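**Student:** I'd like to ask some things about the structure below.
The values are calculated or read from the model by the stated rules, or taken from the named source; none is laboratory data. No experiment lies behind these values; they were computed from the predicted model shown. Here Cβ is always computed from backbone atoms with ideal geometry, including for glycine, and neighbour counts include all displayed protein chains. When the accessible area is computed, the model is the full protein with side chains, heavy atoms only, and any ligands, DNA or RNA have been set aside. Shrake-Rupley method; radii C 1.70, N 1.55, O 1.52, S 1.80 Å.
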Amino acid sequence: MSACRTLGGVHQVGHDRAHDTTTRTDTGTPPMAIDPRIVTISKHLLRKAEQFFHLAEIGRDFADEPDGVDDAVVTLWVHAGIAASDVICCARLGKHAQGEDHKDAVTLLGSVDPATAKHLSVLLGLKTRSGYTDTPTSTESKRAERAAEALIEAARRAPAQAGN
């Protein structure tokens, strides 16, 4: 016997344990069926993350004055990381953070991948400085690049790990 319920646009199938033949997750709950719209959103977000990252690489590699574009490049890496974290959350949770408080995104990502959430936290810590202040982020550029790259790699793996 099974029942289907909707939780915030995410369809989750519950099973009677006596008749359950599905594979259970680590928490003992049956795997959830992800709404197909979330899968589409996730694909678009991954493409967006890769575009931000690629443009950051181009900006870094082809700038006449590399130090002069660090803030713009870091901002692009921040946006790449945010989009990648949304992909991971979509794949693993069927939702992603959409509020104004970026701490919510770190918390949500941390609920499924604490190590990757640390990379998002690094990037969000640079967001205001790189995009809105006169304080340069040139010393943080490599750190931002590594964090964004780790998030994108995790985002690329996330659908397969979630069984999508």
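**Student:** Rounded to the nearest percent, how much of the accessible area of the stretch 59-112 (1.4 Å probe, protein heavy atoms only) is carbon and sulfur? Before the final figure, lay out each step's value.
**Tutor:** On the way: 1340 of 2700 Å².
The computed percentage sits at 50.
**Student:** Taking only protein heavy atoms and a 1.4 Å probe, what accessible area per residue, in Å², does the stretch 111-164 have with all protein chains in place? Working shown, then result.
**Tutor:** On the way: 2980 Å² over 54 residues.
Per-residue value: 55 Å².
**Student:** Based on alpha-carbon centroids, what's the gap between the stretch 41-82 and the stretch 128-164 in Å, whole number please?
**Tutor:** 9 Å
**Student:** Let me ask something else about it. In the neighborhood of S130, defined by Cβ-to-Cβ distances under 10 Å, what is the net charge if each Lys or Arg adds +1 and each Asp or Glu adds -1?
**Tutor:** Local charge sum for S130: -1.
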